Amino acid sequence: MTSSTMHHQHLKTERLSMPSNIARFNMIEQQIRTWEVLDPAVLALLDVVPRENFVAEAQRGLAFADIELPIGHEQSMLSPKLEARILQSLNVKKTDKVLLIGTGSGYLTALFAKQAQYVVSVDIFPDLSEIAGKRLKQQGIDNVTLVVADAATGYSAAAPYDVIVFTGSLHVYPVEAEKMLNVGGRMFAVVGELPIMQATLTQRAAEGAAHHETLFETCLPPLINAPQPSKFEF
């Protein structure tokens with residue numbers, strides 16, 4: 001065995017022996033793979049983007065747990081398995097422009113930034129957006145524009161997009177946001193009311209046409225200011 005091979009194996013062993021990397025490995029193997037996320041590119045991405053750097057210091061011990069972590073303003077960081085499932089369903093390419101509605105911790109923004117050409121990430125809370133910006137900068141991620149705005153129906157100012165992601169649930173399907181997709185574009189949204197909501201994937205086939213697919217059932221807190229269903233009065 002050469003000295004360079006021994007050095008490489010030593011580094012690998014050292015890396016896996018670190019508590020955060022053991023927890024990350026277990027997260028991927030026990031939570032994410034078992035939830036039908038098997039795309040090698042997604043699994044590799046989750047391995048290299050440090051989730052623990054996108055949570056508060058006091059929460060680091062829970063960074064890889066199968067829970068939604070509170071981040072303030074009654075908002076939560078999505079569970080790791082849901083983040084992974086979203087990534088896998090959208091099949092993001094290096095030429096894609098992504099709109100992420102609900103910046104939150106900044107972690108999902110970071111994951112998409114690693115996959116896409118550019119990400120527009122919108123949050124209604126200025127302090128969450130600011131903290132996310134600092135975390136993204138620390139990771140050397142610069143292909144992101146952070147916006148403070150209400151994007152409950154989409155964000156038309158930077159449209160069109162190849163990918164749109166809602167990180168909070170919606171009471172009704174986001175028709176207006178669908179119009180902001182390029183042909184070939186994809187949109188992920190969780191739609192419905194408790195106790196059952198549907199994770200949906202929209203693929204825009206041509207002008208005025210789209211394919212809608214239900215991926216799985218889940219429950220997410222509602223997006224702030226999400227449009228309500230129309231109420232008919234007789």
Note to self, the chain gives a 222 nm [θ] from helices alone (DSSP H runs n ≥ 4, -39500 (n - 2.57) apiece, / all residues, nearest 500) of -8500 deg cm²/dmol
Under 19 Å from a label point 7 Å along Cα→Cβ of Gln30: give me every residue in the stretch 66-97 with its amide N that close. 66-69, 79-85
Using the beta-carbon distance between Ala65 and Glu217 and R0 = 22 Å, what value does 1/(1 + (r/R0)^6) give for FRET efficiency, to the nearest 0.05? 0.55
Which trypsin sites (Lys or Arg not before Pro) from the stretch 17-101 combine a DSSP loop assignment with at most 12 other Cβ atoms within 10 Å? Lys93, Lys94
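Using the Cα centre as the reference, give the magnitude of the dipole from point charges on the C-beta atoms of the chain (Lys, Arg: +1; Asp, Glu: -1; all else neutral), rounded to the nearest 20 debye.
Taking the Cα centre of the chain as origin, the dipole is about 720 debye.
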By average Cβ neighbour count within 10 Å, what is the ranking of 160-169, 147-156, 117-126 from highest down? 160-169, 117-126, 147-156
Relative contact order, percent, the chain [alpha-carbon distance under 8 Å, six or more residues apart]: 13 percent
How long is the gain from Asn21 to Leu38 if the chain were fully straight, where each residue apart is worth 0.36 nm and the alpha carbon distance is subtracted? 4.2 nm
Could you please rank Met197, Met187, placing first whichever residue has the fewest other Cβ atoms within 10 Å of its Cβ? Met197, Met187
What's the tally of Lys pairs in the chain whose alpha-carbon atoms lie under 23 angstrom apart, where the two lysines are 8 or more places apart or on different chains? 16
Alpha carbon convex hull of the stretch 134-234, volume per residue in cubic angstrom: 147 Å³
How large is Rg over Rh for the chain, taking Rg from the Cα atoms and Rh as the Kirkwood inverse mean of 1/r across Cα pairs? 1.00
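Only the coordinates and a few stated rules stand behind these numbers; no lab work does. Note that the coordinates shown come from a computational prediction; the quantities given were computed from them, not determined experimentally. Note that we place each Cβ from the backbone using ideal geometry, even for glycine, and neighbour counts take in every protein chain shown.
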